[in-house]
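Everything below concerns the one structure shown next.
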């Protein structure tokens, strides 16, 4: 992939990267897919064959609809294309139906919707300041960022092997971040509101948006030292933001409100029984508090981005029923920060490498083993070497402990996948590889979270005003 | 799946024939004594994927069998493991081939590109990437060991490490006998070098050293089979099945294409078929080889490799479709010198294997890797800007022709048009083969068309490469330096 970048001149390199990764995704079509494949097939069937009033009540399959309404409408739109591939997949009773045409359609739909992600990455690249970089194309922050995002290992294996639709969702998020960087706050807010109604997991980072928009958009001016000028509060802006969120929510939940189905929808979206309520929200409130306690010092889009990542990481570490895939919520925005400062690059590399390694147990089948190892090695090698080259004039990215930790992932993988299956412990304690992986990765991710926190807290105020 | 840069997903079914053959060889070599490997017996039914490659393949299978025994003995149990297929086994087989590639083939490619002269580092990396992206070698999974060794041989001989180079090449021949396609250029080049150094002095010493190296390596590989005459003869009989006829199945060479019009296989007697195939092959490669012996040069060596292998492919007997890879490898080596024609050739060679690949349900990987390869080459070498006569190395040729035909100035234009027509034909044929069903009376229509079209292309390339070799004169090269 590096050579493709080298060989292209001018602005063509971005298209080359996008095309290259699309070709790679096509090659991943016949690989293993998880039950998420059946989940989405089921949702295609539900939205196509049943009237809207039945969508959140249908329970023939165990994989009931538990995403917000916009996603349901998205599946509805897809189902109208699906009927040209294989009509049978749209039958609700065809559980676990996976003909070759179904597979082809589903995989292609993921690849196709990734176009939004590609566009979002393009917009993010515009927000990167690349003046201090060298003349060489591969050393420009824009190029490195594009590779880190477009060819992100985690996104590739979760979306195109395991099977999910994270590509375009992260595209929406990155696009809203880019709009906030470009000071088009209304659009950013709108996009985030839409995103929330596609997948509500992004609620984790909603506090960051809320605080930032309040701080930087609703208060239109700052005092010279950077703190809030309280009398510059603009009611108009608050109202307009509120209106946007309200309108989007109305569009999404409105029909279900009219059908008196709101409680059912909410119970599908937030499936916990009584008593677990406190356990779910408490850690998130703590995360909220932790993030908010720096409210008054958060200045500029970079600060917002850090806050967002902190929210995402905190909820990953302390939230309830969090899936490994949620690490992507922190990894992808962190890529934007990584090409800016050496300190951020270091945190990003630890977070990404550990986070991606923690995704390995998702692909547990034998044929995917070489693929996942090779892709991971390629991505990790590229990210470390390119960021090291970018920041070669500053102090080294890793200290000896961090290097040791990252190198330790190799022996861990060898042990878990190659040595352990041949030992006698496999029968008695089959959970050991998973346990080791989880614990080892948890250490790395917690360390990255801690380091990011410290860097946010210890950022001197004077440098922040310059950033804005 | 071999090439780590592309990841054809593991859900692809393996080529059942080759896959089972390789597994069976592990079974045979592990369970039976050496003396019985090449003989028909109750334990070793030669009709069922009998061993028909030279001893090094057998030793390699034995090594893999030891690893297989450690992991799961069921994979190589005598008789009972026939047709064995499981996820873990597929992974094992793929890994053995991947490791072989990583250790031998890929380092050779990288080192070769590093040794290229007069181009920048960026271009060297791009060159290596394009070679590694060649669809033919990625899609045809099994058995690249011999290509790796052959590449080391080329590297050694080009960089004046003659003994190491010839050793590597001998190992390659002992791995797969098809490497003999490349043997004549090696022989002529090294002989030419000896002549150049003077047969009365250093040249003679070099000749003796090379002869010893070759003989020693052959003896070492064939040691267990040299003890009895019958053993050696049987192995040779397995390696060169002269009884099997001029060609089997559909392959893009002359005999198969010719048999559309005239059924040679049935008309001519058997030994006569072998004689004419022999004659045509040698007549077509003779000029290039003679020139190489008289004027040995690294560039001439590489181009002669191409033309010899192509001659063998077109005219030899019992040629398999996969043998085109033996021609593609040398063409990859001249990628940096004539990017446009090389890319064109490599695309055609991939296309010629279309029926084989479709049989293995490799359509999607084929399309993806071909597109990726084409784009990589087109951008790395800017091939569409390099179609002038000078770039195509046809300048001296067209100058000679212009002495007789002053109006012969449109050569590059013709070639560009031909390229366009060729690509359109290949794409159309691919679409037709994939979407339509052949008519009832001619069930093989599409494969035959593919073979015929590819054969025409290959003839064109044979003529082209021979022209380059024959018209590549010292004066031409001096003129380049002056310019």
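The values are calculated or read from the model by the stated rules, or taken from the named source; none is laboratory data. Being a predicted model, the structure only gives us computed values, none of them experimental. Glycine gets a Cβ as well: all are built from the backbone with ideal geometry, and neighbour counts include every protein chain shown.
Taking the range A:359-384, which residues are under 19 Å from residue B:87 (Cα atoms), assigned to a helix (DSSP H, G or I), within 14 Å of chain B (Cβ to nearest Cβ) and within 24 Å of the chain's Cα centre (by Cα)? I'd like the intermediate steps shown before the answer.
First, the residues of the range A:359-384 that are under 19 Å from residue B:87 (Cα atoms): A:360-374.
If we keep only those that are assigned to a helix (DSSP H, G or I) too, we end up with A:360-362, A:368-374.
When the remaining residues are screened for being within 14 Å of chain B (Cβ to nearest Cβ), the result is A:368-374.
Listed by number, the residues that qualify are A:368, A:369, A:371, A:372, A:373, A:374.
Does residue A:103 satisfy the condition of being touching a helix residue (DSSP H, G or I) at 6+ places or on another chain (Cβ under 7 Å), under 24 Å from residue A:114 (Cα atoms), crowded, with 17+ Cβ neighbours inside 10 Å and within 14 Å of chain B (Cβ to nearest Cβ)? Steps first, answer last, please.
Working: touching a helix residue (DSSP H, G or I) at 6+ places or on another chain (Cβ under 7 Å): no; under 24 Å from residue A:114 (Cα atoms): yes; crowded, with 17+ Cβ neighbours inside 10 Å: yes; within 14 Å of chain B (Cβ to nearest Cβ): yes.
No, not satisfied.
For residue B:279, only one of the following conditions fails: (1) farther than 30 Å from residue B:159 by Cα; (2) buried (at least 21 other Cβ atoms within 10 Å of the Cβ); (3) at pLDDT 85 or above. What is its number?
(2)
Would you check which residues across the range A:1-27 are more than 8 Å from every other protein chain (Cβ to nearest Cβ), at pLDDT below 50 and touching a helix residue (DSSP H, G or I) at 6+ places or on another chain (Cβ under 7 Å) and list them?
A:1, A:5
Residue A:306 passes all but one of (1) at pLDDT 55 or above; (2) not in a helix (DSSP H, G or I); which number fails?
Of everything listed in (1) at pLDDT 55 or above; (2) not in a helix (DSSP H, G or I), residue A:306 misses just condition (2).
Can you tell me how many residues in the range A:34-48 are touching a helix residue (DSSP H, G or I) at 6+ places or on another chain (Cβ under 6 Å) and surrounded by fewer than 21 Cβ atoms within 10 Å (Cβ to Cβ)? Walk me through it before giving the result.
Looking only at the range A:34-48, we keep the residues that are touching a helix residue (DSSP H, G or I) at 6+ places or on another chain (Cβ under 6 Å), and these are A:34, A:36-37, A:41, A:43-45, A:47-48.
With surrounded by fewer than 21 Cβ atoms within 10 Å (Cβ to Cβ) added as a condition, the list becomes A:34, A:36-37, A:48.
Total satisfying the criteria: 4.
Please count how many residues of the range B:419-455 are in a helix (DSSP H, G or I) and in contact (Cβ under 8 Å) with a residue 12 or more places away in the chain. Can you show your working first?
Restricting attention to the range B:419-455, the residues satisfying the condition of being in a helix (DSSP H, G or I) are B:419-435, B:445-455.
Keeping just the survivors that are in contact (Cβ under 8 Å) with a residue 12 or more places away in the chain gives B:419, B:422-423, B:425-426, B:429-430, B:432-434, B:446-455.
Adding up the residues that qualify gives 20.
The conditions are (1) at pLDDT 70 or above; (2) in a helix (DSSP H, G or I), and residue A:285 fails exactly one of them. Which is it?
The failed condition is (1).
Tell me which residues, restricted to the range B:324-356, are in contact (Cβ under 8 Å) with a residue 60 or more places away in the chain and assigned to a loop (DSSP other than H, G, I, E, B).
B:335, B:336, B:338, B:353
Just one of the numbered conditions (1) surrounded by fewer than 18 Cβ atoms within 10 Å (Cβ to Cβ); (2) at pLDDT 90 or above; (3) more than 14 Å from every other protein chain (Cβ to nearest Cβ); (4) within 24 Å of residue A:155 (Cβ to Cβ) is not true of residue A:63; which one?
Of the numbered conditions (1) surrounded by fewer than 18 Cβ atoms within 10 Å (Cβ to Cβ); (2) at pLDDT 90 or above; (3) more than 14 Å from every other protein chain (Cβ to nearest Cβ); (4) within 24 Å of residue A:155 (Cβ to Cβ), the odd one out for residue A:63 is (2).
Taking into account only those residues within the range B:99-126 that are more than 21 Å from the chain's Cα centre (by Cα) and either within 12 Å of chain A (Cβ to nearest Cβ) or assigned to a helix (DSSP H, G or I) (or both), which is farthest from residue B:27 (Cα to Cα)?
Among residues in the range B:99-126 that are more than 21 Å from the chain's Cα centre (by Cα) and either within 12 Å of chain A (Cβ to nearest Cβ) or assigned to a helix (DSSP H, G or I) (or both), the one farthest from residue B:27 (Cα to Cα) is B:120.
Given A:16, A:120, which one is assigned to a helix (DSSP H, G or I) and either touching a strand residue (DSSP E or B) at 6+ places or on another chain (Cβ under 7 Å) or within 23 Å of residue A:198 (Cα to Cα) (or both)?
Details: A:16 fails: either touching a strand residue (DSSP E or B) at 6+ places or on another chain (Cβ under 7 Å) or within 23 Å of residue A:198 (Cα to Cα) (or both).
Of A:16, A:120, the one residue that is assigned to a helix (DSSP H, G or I) and either touching a strand residue (DSSP E or B) at 6+ places or on another chain (Cβ under 7 Å) or within 23 Å of residue A:198 (Cα to Cα) (or both) is A:120.
Of all the residues that make up the range A:151-190, how many are over 14 Å from the mean Cα position of the chain (by Cα), more than 21 Å from residue A:20 (Cα to Cα) and surrounded by fewer than 23 Cβ atoms within 10 Å (Cβ to Cβ)? Steps first, please.
Pass one, the range A:151-190, residues over 14 Å from the mean Cα position of the chain (by Cα): A:160-163, A:178-190.
Adding the requirement that they be more than 21 Å from residue A:20 (Cα to Cα) leaves A:178-190.
With surrounded by fewer than 23 Cβ atoms within 10 Å (Cβ to Cβ) added as a condition, the list becomes A:179, A:181-187, A:190.
The number of residues fulfilling the criteria is 9.
Take the residues in the range B:141-167 that are within 17 Å of residue B:218 (Cβ to Cβ) and within 16 Å of the chain's Cα centre (by Cα), then tell me which one is modelled with the lowest pLDDT.
B:146
Check whether at least one residue in the range A:36-45 is within 14 Å of chain B (Cβ to nearest Cβ), at pLDDT 90 or above and closer than 30 Å to residue A:380 by Cβ, and report yes or no.
Filtering the range A:36-45 for residues within 14 Å of chain B (Cβ to nearest Cβ) gives A:37.
Pick out the ones that are also at pLDDT 90 or above and you get A:37.
Next, only the ones that are closer than 30 Å to residue A:380 by Cβ stay: A:37.
Scanning the range A:36-45 turns up at least one residue that is within 14 Å of chain B (Cβ to nearest Cβ), at pLDDT 90 or above and closer than 30 Å to residue A:380 by Cβ.
Quick one: residue A:387 ticks every box in (1) within 14 Å of chain B (Cβ to nearest Cβ); (2) under 26 Å from the mean Cα position of the chain (by Cα); (3) in a helix (DSSP H, G or I) bar one, so which box is it?
Going through (1) within 14 Å of chain B (Cβ to nearest Cβ); (2) under 26 Å from the mean Cα position of the chain (by Cα); (3) in a helix (DSSP H, G or I) one by one, residue A:387 breaks only (1).
Does the range B:359-380 include one or more residues that are assigned to a helix (DSSP H, G or I), more than 14 Å from chain A (Cβ to nearest Cβ) and out of contact with any strand residue (DSSP E or B) (no Cβ under 9 Å at 6 or more places or on another chain)? If you could, list the steps in order and put the result at the bottom.
Residues of the range B:359-380 that are assigned to a helix (DSSP H, G or I), as a first pass: B:359, B:363-380.
Filter once more, keeping what is more than 14 Å from chain A (Cβ to nearest Cβ): B:359.
If we keep only those that are out of contact with any strand residue (DSSP E or B) (no Cβ under 9 Å at 6 or more places or on another chain) too, we end up with B:359.
Among the residues of the range B:359-380, at least one is assigned to a helix (DSSP H, G or I), more than 14 Å from chain A (Cβ to nearest Cβ) and out of contact with any strand residue (DSSP E or B) (no Cβ under 9 Å at 6 or more places or on another chain), which makes the answer yes.
I'd like to check something: does the range B:87-98 contain any residue that is part of a loop (DSSP other than H, G, I, E, B), modelled with pLDDT under 85 and either closer than 23 Å to residue B:328 by Cα or more than 11 Å from chain A (Cβ to nearest Cβ) (or both)? First the steps, then the outcome.
The initial filter retains those residues of the range B:87-98 that are part of a loop (DSSP other than H, G, I, E, B), namely none.
No: zero hits.
In this structure, is residue B:175 away from chain A (no Cβ under 14 Å), crowded, with 22+ Cβ neighbours inside 10 Å and farther than 23 Å from residue B:345 by Cα? Walk me through it before giving the result.
Numbers: away from chain A (no Cβ under 14 Å): yes; crowded, with 22+ Cβ neighbours inside 10 Å: yes; farther than 23 Å from residue B:345 by Cα: yes.
Yes.
Any residue in the range A:327-349 that is within 14 Å of chain B (Cβ to nearest Cβ), surrounded by 18 or more Cβ atoms within 10 Å (Cβ to Cβ) and either assigned to a helix (DSSP H, G or I) or at positive phi (or both)?
No, the range A:327-349 has no match at all.
State all residues of the range B:68-84 that are loosely packed, with under 13 Cβ neighbours inside 10 Å and either away from chain A (no Cβ under 11 Å) or closer than 19 Å to residue A:367 by Cα (or both); if no residue qualifies, say none.
B:73, B:79, B:80, B:83
Collect the residues in the range A:47-83 that are within 24 Å of the chain's Cα centre (by Cα) and part of a loop (DSSP other than H, G, I, E, B), keeping them in residue-number order.
As a first pass, look at the range A:47-83 and keep what is within 24 Å of the chain's Cα centre (by Cα): A:63-78.
Those that are within 24 Å of the chain's Cα centre (by Cα) and part of a loop (DSSP other than H, G, I, E, B): A:63, A:64, A:65, A:66, A:67, A:68.
Enumerate the pairs (first residue in the range B:216-235 and closer than 25 Å to residue B:166 by Cα; second residue anywhere and surrounded by fewer than 17 Cβ atoms within 10 Å (Cβ to Cβ)) with beta-carbon separation below 6 Å, excluding pairs fewer than 6 apart on the same chain, so at least 6 apart or on different chains.
Correct list of pairs: B:224/B:34; B:225/B:232.
Of the residues in the range B:4-44, how many are buried (at least 19 other Cβ atoms within 10 Å of the Cβ), outside any helix (DSSP H, G or I) and modelled with pLDDT of 75 or more?
3
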